[in-house]
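First up is the structure itself, then whatever we jot down about it.
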Amino acid sequence: MSGLLAFLGDHTIQNVVIGATLLGIVSGVLGSFAVLRQQSLLGDTLAHAALPGICLGFIIAGARQIESILAGAFVTAVLAALVMLALTRNSRLKTDAGLGIALSIFFAIGVVLLTYIQGTGNASQGGLDAFLFGQAAAILRSDLVIMGGITLLSLALVAGFWKEFKLVTFDPVFAATQGLPVALLETLLTVIVAFAVVIGLQMVGVVLMAAMVIAPAVAARQWSRRLEQMVVLAAVFGVVSGLVGALISATGRGLSTGPLVILAATVLVIVSILFAPQRGVIWEEIKRGRDRRELGDNQVLTTLQGLARHHDDPAYPVEQGMLDTYHGLATRRALTRLARRGLVHPVRHMPDEGPHWELTPAGHAAARQVLVDIDAGGR
Amino acid sequence: MTVPENLHEPSLAVHVEDLTVSYHGKPVLWDIDVDIPPGVMAAVVGPNGAGKSTLIKTILGLVKPTAGHITLHGAPYSSQRKRVGYVPQRSSVDWDFPTTALDIVTMGLYGRLGWFRRPGRAERERALWALGEVRMADLADRQISQLSGGQQQRVFLARALVQEADVYFLDEPMAGVDATTERTIVALLHKLRDAGKTVIVVHHDLQTVQDYFDWMIILNIRVLAQGPVGEINTIGNLHKAYGSQIALLDRVQQAAEPREPVAESAQ
């Protein structure tokens, strides 16, 4: 217990916890919009494009000064977004190509600048490597103030423009007919993803930041029925994975934070994709199996009815082997299920023949209903 | 009736003059004039790539014209927005969006709500009323991803209904929907028309034009014919738009105009 208190009392640990929380909230909330707008890779481009800004900020300030580094990161990230938009709007390039081009150009410039700075032998350049894969333990209290401010600003924007962002995300064309400035709102949504990227630079680093935008949102989508739920849940998932990854990194032996955070988020994604109700793989598999059984039962039921009608005897006993032949598979289990529902019951016909089945009155009614439903078609 | 002098062709619900629209230098609509009087239900028909959707999108300011002008009840769309309802193609959005049918319908009111105002009880009731009109009241809280295609289409129609517009534009509302939905949609559109609204529908099914509509515009890059459906829906006019595809239309037209000589449709 005292060990835990000492752990939480540790200044570095506190910084890591707060930083991971801020990052989780912002990337979860903004990532939800990016994922729903099918712009998951936007985060990737913006994050990579932050690298030249980080280096320029460092060069201009002459030291690892957080304000100028984050400002530089934000500026080049937004610049890359604008390059991408200009490419796609003014040429026949598709969005994925535009994102890819912007990403590689800006990241290449960033790597050139980074190696240049390392070559100058500047004493404080050691800190810059941390921006590639993130290093939670390097976060200072003063950094957190800036990160907190950006978080509040992003959340205020999302809250203020909530219904506009929702409509632009779901149906931008209809939004335009309503008189909403769609291009402006979409640019704003893009810019605030850059905020998330800037906050994540120290925690996760430019290379893996995209996953932090995508993973919590994708996991949250699995459990949500409404956008409100998805956004809140994505924030929670973001915080959880941020905390898990950052704490392991801060207490371990200099492990990079970014990969650990992303691995934690990945676990959440896998669990969500498998187990979420309604949308999860396992749930769907169970439902498919149930549908298949129900379909088989209905087929056997209508066959029984058809044979009863053919023989002009509502209580016509049908031999199981005949049903097996007709359906090309064993019908015993379907018949057992139908018997349990009181729709058929086994009868003894001739001692030397196999089991026989006949429809009960409820079975006749159920078979008629099946045919009515088929006639009505899927609404 | 005095007419403000800044209005242009105010007696027409839709007035399109000398409109040309092009994509990448290729004309999609070429020098077209369209006039639709108020209170009609008009079908816009034409083969694939005829520019039907483009015409509607241009009227709604979603596509910039290369040349020409458009007025709705005498004024440009930008000042008539509140009088116009729009039902886009169902396939234009991702229905896996996490929300309910009711929420989508409420979106039709966002424009008039204005910035920073949240939809409240009045908007909710309005949306529920519209869902009732399309016979979807019991599915108000259903996830939109779990709706059938026909139900999704009706949600879109309800979203346009809450707009309480004078002119409605619908882009292929009957494409790929079940018979129940088609009947519901047609009945509702007739109700709107009978209430004096103008309803303009991009329509793909030539067999039903005669039954559903009272106005018709045949389009294929150019406007080939427009007017009351009884005068316009002839095999000659359709031949101009559909060309060699006309063989497929024979049966349709024989039903509609038994006296039309069949020789006309020879390949």
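The values are calculated or read from the model by the stated rules, or taken from the named source; none is laboratory data. Computed from a predicted structure; not experimentally measured. Because the Cβ atoms are built from the backbone with ideal geometry, glycine has one as well, and the counts that use them run over all protein chains shown.
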### Query
Which residue pairs have Cβ atoms closer than 7 Å, lie 6 or more positions apart in sequence or on different chains, and pair a first residue in the stretch B:208-231 that is assigned by TED's automatic domain parsing to the domain that holds B:Asp18 with a second residue that is of a type in the set (Phe, Trp, Tyr)?
B:Ile221/B:Trp30; B:Arg222/B:Trp30; B:Pro228/B:Trp215; B:Val229/B:Phe213; B:Val229/B:Trp215
### Message
Condition first: surrounded by fewer than 18 Cβ atoms within 10 Å (Cβ to Cβ), facing chain A (nearest Cβ under 9 Å) and assigned to a helix (DSSP H, G or I). Can you find one or more residues in the stretch B:135-145 that meet it?
### Response
yes
### Message
If I filter the stretch A:64-80 for residues that are in contact with a His (Cβ under 6 Å, 6 or more places away or on another chain) and in a helix (DSSP H, G or I), do I get at least one hit?
### Response
no
### Message
Can you pull out every residue in the stretch B:118-134 that is at the interface with another protein chain (Cβ under 10 Å from one of its Cβ atoms) and either surrounded by 15 or more Cβ atoms within 10 Å (Cβ to Cβ) or assigned to a helix (DSSP H, G or I) (or both)?
### Response
B:Pro119
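For B:Thr54, indicate whether it is more than 12 Å from every other protein chain (Cβ to nearest Cβ), touching a strand residue (DSSP E or B) at 6+ places or on another chain (Cβ under 9 Å), in contact (Cβ under 8 Å) with a residue 40 or more places away in the chain and closer than 29 Å to B:Lys26 by Cα.
Values: more than 12 Å from every other protein chain (Cβ to nearest Cβ): yes; touching a strand residue (DSSP E or B) at 6+ places or on another chain (Cβ under 9 Å): yes; in contact (Cβ under 8 Å) with a residue 40 or more places away in the chain: no; closer than 29 Å to B:Lys26 by Cα: yes.
So B:Thr54 fails the test.
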### Query
When the stretch A:166-194 is examined, which residues are found to be of a type in the set (Gly, Ala, Ser) and either facing chain B (nearest Cβ under 10 Å) or buried (at least 17 other Cβ atoms within 10 Å of the Cβ) (or both)?
A:Ala175, A:Ala176, A:Gly179, A:Ala194
### Task
Look through the stretch A:81-119, keep the residues that are in a helix (DSSP H, G or I) and among the hydroxyl-bearing types (Ser, Thr, Tyr), and return whichever of them is nearest to the chain's Cα centre (by Cα).
A:Thr95
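Can you tell me which residue in the stretch A:130-164 is nearest to A:Arg226 (Cα to Cα), limited to those that are among the aromatic types (Phe, Trp, Tyr) and within 24 Å of the chain's Cα centre (by Cα)?
Step by step, filter the stretch A:130-164, then rank; the result is A:Trp162.
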### Summary
Of those in the stretch B:71-91 that are of a type outside the set (A, V, I, L, M), in contact (Cβ under 8 Å) with a residue 12 or more places away in the chain and farther than 18 Å from B:Val162 by Cβ, the residue farthest from the other protein chains (Cβ to nearest Cβ) is B:Gly74
### Test: residue in the stretch A:38-61 that is surrounded by fewer than 16 Cβ atoms within 10 Å (Cβ to Cβ), in contact with a His (Cβ under 9 Å, 6 or more places away or on another chain) and in the same structural domain as A:Lys166 (by TED's automatic domain parsing)
no
#### Entry: Residue that is farthest from A:Thr360 (Cα to Cα), among those in the stretch A:313-340 that are surrounded by 15 or more Cβ atoms within 10 Å (Cβ to Cβ) and small (Gly, Ala, Ser)
A:Ala334
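If you go through the stretch A:205-213 one residue at a time, do you hit one that is within 14 Å of chain B (Cβ to nearest Cβ), of a type outside the set (Phe, Trp, Tyr) and in contact (Cβ under 8 Å) with a residue 24 or more places away in the chain? Steps first, please.
Residues of the stretch A:205-213 within 14 Å of chain B (Cβ to nearest Cβ): none.
Scanning the stretch A:205-213, I find no residue that is within 14 Å of chain B (Cβ to nearest Cβ), of a type outside the set (Phe, Trp, Tyr) and in contact (Cβ under 8 Å) with a residue 24 or more places away in the chain, so the answer is no.
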### Test: A:Val197 is surrounded by fewer than 24 Cβ atoms within 10 Å (Cβ to Cβ) and in contact (Cβ under 8 Å) with a residue 24 or more places away in the chain
no
### Query
Going by the structure shown, is B:Trp115 facing chain A (nearest Cβ under 10 Å) and either assigned to a loop (DSSP other than H, G, I, E, B) or surrounded by fewer than 19 Cβ atoms within 10 Å (Cβ to Cβ) (or both)?
yes
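Okay, residues lined up against (1) crowded, with 24+ Cβ neighbours inside 10 Å; (2) farther than 27 Å from A:Glu228 by Cα:
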{"position": "A:Val29", "(1), (2)": "yes, no"}
{"position": "A:Phe33", "(1), (2)": "yes, no"}
{"position": "A:Asn90", "(1), (2)": "no, yes"}
{"position": "A:Gly110", "(1), (2)": "yes, yes"}
### Summary
Taking the stretch B:165-190 and keeping only residues that are farther than 16 Å from B:Gln89 by Cα and touching a residue at least 60 places away in the same chain (Cβ under 8 Å), one is left with B:Ala165, B:Asp166, B:Val167, B:Leu189, B:His190
### Task
Of all residues in the stretch B:68-87, count the ones that are in a loop (DSSP other than H, G, I, E, B) and under 21 Å from B:Val155 (Cβ atoms).
0
### Query
Within the stretch A:323-379, which residues are among the basic types (Lys, Arg) and part of a loop (DSSP other than H, G, I, E, B)?
A:Arg341, A:Arg348, A:Arg379
### Hits in the stretch B:129-167 - residues which are under 13 Å from B:Ile104 (Cα atoms) and not hydrophobic (A, V, I, L, M, F, W, C)
B:Asp141, B:Arg142, B:Gln143, B:Ser145, B:Gln151, B:Gln152, B:Gln153, B:Arg154, B:Arg159, B:Gln163
### Query
Within the stretch B:93-112, can you find the residues that are facing chain A (nearest Cβ under 7 Å) and among the hydrophobic types (A, V, I, L, M, F, W, C)?
B:Val93, B:Phe97, B:Met107
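Please find, within the stretch A:214-228, the residue that is surrounded by the most Cβ atoms within 10 Å (Cβ to Cβ) out of those that are touching a residue at least 12 places away in the same chain (Cβ under 8 Å) and more than 9 Å from the chain's Cα centre (by Cα).
A:Leu227
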